[in-house]
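Here is the structure we will look at.
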């Protein structure tokens, strides 16, 4: 499933990069939860949760329907060090 999620992210990545941002795949759990890190302009953007839900999550779920949710490590909209979450 992780490879299919990464392929889905490749499809949306150019749109994020056009605005100075990007998305990194951190993990895909066995129960269908995807963890990503929004970086660059996306990491500090006040619209990052809309981007996550209406862009990243929709793109992933269209290609990988068994995904139930997409979460980001930067819950506060300012990004975070995902190594500390491991």
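Could you give me D for the stretch 1-42, from Stokes-Einstein at 37 °C and 0.692 mPa s, where the hydrodynamic radius is the Kirkwood radius over C-alpha pairs? Units µm² s⁻¹, please. Value of D from the Cα-based Kirkwood radius: 309 µm²/s. Peptides 49-57, 9-17, 33-41 ranked from most to least packed give 33-41, 49-57, 9-17, packing being the mean of other C-beta atoms within 10 angstrom over each peptide's residues.
Readers should treat all values here as calculations from the given coordinates under stated rules, not as data from a laboratory. Quick caveat: nothing in here was measured; it's all calculated off a predicted structure. Glycine gets a Cβ as well: all are built from the backbone with ideal geometry, and neighbour counts include every protein chain shown.
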